[in-house]
Amino acid sequence: MSVLVVGSVNTDLTVRASRIPGPGETVLGGDTRTSPGGKGANGAVAAALAGALVSMVGAVGKDVFQDVALSGLKRAGVDLSGLLTLDAPTGLALITVSDAGENAITVASGANARLTPQHLPGSFGGFTHLLMQQELPPEITLEAAKRASAAGLMVLLNAAPSRNTSPELLRLTDHLLVNEHELAALAGDGEVEASARALLGRGPKAVTVTLGGEGSLTVTAGETAGETYRLPAHPVNAVDTTGAGDTFCGVLTARLCHGDTLEAALRWAGIAAALACTRPGAQDAMPTWEEVVRESER
């Protein structure tokens, strides 16, 4: 039982400031912190820390940012045999974090944008779950979903960042994960549960909406209304929300891979995501499984 992650690998350049600047505005911040990131790599690290065997398909460039981008994956023990080094810059994320713990992120995709379906593994055998995001070109994400679905894997898609998600990709998705902004981009403005249920009609068997300080909402398909899970946020003092959503997705995938029920997996994911908000950074802030279990007993 193992997880395949097809996704982005970046180096994060983060600066803390009193607030996130508006258009045309300059805000003085603190020192720059360089750390590993990328939504794909973040999810892979979170899943590995939560106990899953994880393999990563992604790309970095031949430059000074490569070692930083791969450092978290290596520490977490992620299999990098599917990781490519391309003639392109390593992806960079430029992150501003406010004193309130909120963030604004601009991504320069670099090598991530050069990945094509030809870079996917020849066989998806040996994997039980596929976790993807939307930082790679749409054609590789769709092809990975096709191959995974044909091979019987559970396909989990974090539809972030918001971009045109094809109807075919939604039909191939078993579990769709979005925040409120991504939910609105896919389903339009409306009440959260109604919008999530509307997305069930487009293919996914489950839709989870992460709601920040309000926790998460999950709806599932069924012969009638299916199941609904509303989980409150685990209380913490947040200092940096960067990577919290990726932590949630990775831990959820890992725990489903371990055979946990959906409700239990959602609870573990919520605790882990909350803990990730208590430290700066993305992968550097992700908790170990021991920390998550200990926090659940607090």
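The rows are residues; the columns are (1) touching a residue at least 60 places away in the same chain (Cβ under 8 Å); (2) touching a Pro at 6+ places or on another chain (Cβ under 6 Å); (3) within 27 Å of Ala274 (Cβ to Cβ); (4) not charged (D, E, K, R).
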{"position": "Ala144", "(1), (2), (3), (4)": "yes, no, no, yes"}
{"position": "Gly152", "(1), (2), (3), (4)": "no, no, no, yes"}
{"position": "Glu168", "(1), (2), (3), (4)": "no, no, no, no"}
{"position": "Arg171", "(1), (2), (3), (4)": "no, no, no, no"}
{"position": "Leu200", "(1), (2), (3), (4)": "no, no, yes, yes"}
{"position": "Val207", "(1), (2), (3), (4)": "no, no, yes, yes"}
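Quick check on the stretch 225-243: of everything there that is surrounded by fewer than 24 Cβ atoms within 10 Å (Cβ to Cβ) and either touching a helix residue (DSSP H, G or I) at 6+ places or on another chain (Cβ under 6 Å) or among the polar types (S, T, N, Q) (or both), which residue is modelled with the lowest pLDDT?
Thr241
Look through the stretch 32-52, keep the residues that are in contact (Cβ under 8 Å) with a residue 60 or more places away in the chain and either part of a strand (DSSP E or B) or of a type in the set (Ser, Thr, Tyr) (or both), and return whichever of them is surrounded by the most Cβ atoms within 10 Å (Cβ to Cβ).
Gly37
Filter the stretch 56-68 down to the residues that are buried (at least 21 other Cβ atoms within 10 Å of the Cβ) and either part of a helix (DSSP H, G or I) or touching an Asp or Glu at 6+ places or on another chain (Cβ under 8 Å) (or both) and list them by number.
Met56, Gly61
For the list (1) at pLDDT 95 or above; (2) surrounded by 19 or more Cβ atoms within 10 Å (Cβ to Cβ); (3) within 30 Å of Arg202 (Cα to Cα), I need the number of the one condition that Val107 fails.
Condition (1) is where Val107 drops out.
Quick one: which residue in Ser71, Ser8 is more than 17 Å from the chain's Cα centre (by Cα), among the hydroxyl-bearing types (Ser, Thr, Tyr) and either in a helix (DSSP H, G or I) or surrounded by 24 or more Cβ atoms within 10 Å (Cβ to Cβ) (or both)?
After applying the criteria, what remains is Ser71.
State whether one or more residues within the stretch 237-255 are over 26 Å from Thr173 (Cβ atoms) and in a helix (DSSP H, G or I).
no
Return yes or no: is Arg163 surrounded by fewer than 16 Cβ atoms within 10 Å (Cβ to Cβ), outside any helix (DSSP H, G or I) and of a type in the set (Lys, Arg)?
In short, yes.
Could you list, ordered by first residue, the pairs with Cβ atoms under 7 Å in which the first is in the stretch 87-112 and farther than 16 Å from Gly40 by Cβ and without any contact (Cβ under 8 Å) to a residue 60 or more places away in the chain and the second is acidic (Asp, Glu) and surrounded by fewer than 21 Cβ atoms within 10 Å (Cβ to Cβ), at least 6 apart or interchain?
Filtered contacts from the stretch 87-112: Pro89/Asp63.
Taking the stretch 214-227 as the region of interest, how many residues are closer than 30 Å to Ala285 by Cα and in contact (Cβ under 8 Å) with a residue 24 or more places away in the chain?
Total satisfying the criteria: 5.
Sort out which residues of the stretch 57-68 are touching a Ser or Thr at 6+ places or on another chain (Cβ under 9 Å) and touching a residue at least 24 places away in the same chain (Cβ under 8 Å), and write them in order of number.
Selection gives Gly58, Ala59, Val60, Gly61, Lys62, Asp63, Phe65, Gln66, Val68.
Look through the stretch 177-211, keep the residues that are outside any helix (DSSP H, G or I) and acidic (Asp, Glu), and return whichever of them is nearest to His234 (Cα to Cα).
The selected residue is Glu191.
Determine whether Gly222 is in a loop (DSSP other than H, G, I, E, B) and modelled with pLDDT of 95 or more.
In short, no.
Give the residues of the stretch 113-142 that are within 17 Å of the chain's Cα centre (by Cα) and without any contact (Cβ under 8 Å) to a residue 12 or more places away in the chain, sorted by residue number.
The answer is none; no residue qualifies.
What residue, among those in the stretch 77-100 that are crowded, with 17+ Cβ neighbours inside 10 Å and modelled with pLDDT under 95, is nearest to the chain's Cα centre (by Cα)?
This residue is Ala93.
Counting only residues that are small (Gly, Ala, Ser), give me the strands (runs of 3 or more DSSP E) lying completely in the stretch 75-160 with at least 3 of them.
Output list reads 91-98.
The values are calculated or read from the model by the stated rules, or taken from the named source; none is laboratory data. Remember, it's a predicted structure, so these values are computed and weren't measured experimentally. For neighbour counting, all protein chains shown are included, and Cβ atoms are generated from backbone atoms with ideal geometry for every residue, glycine included.
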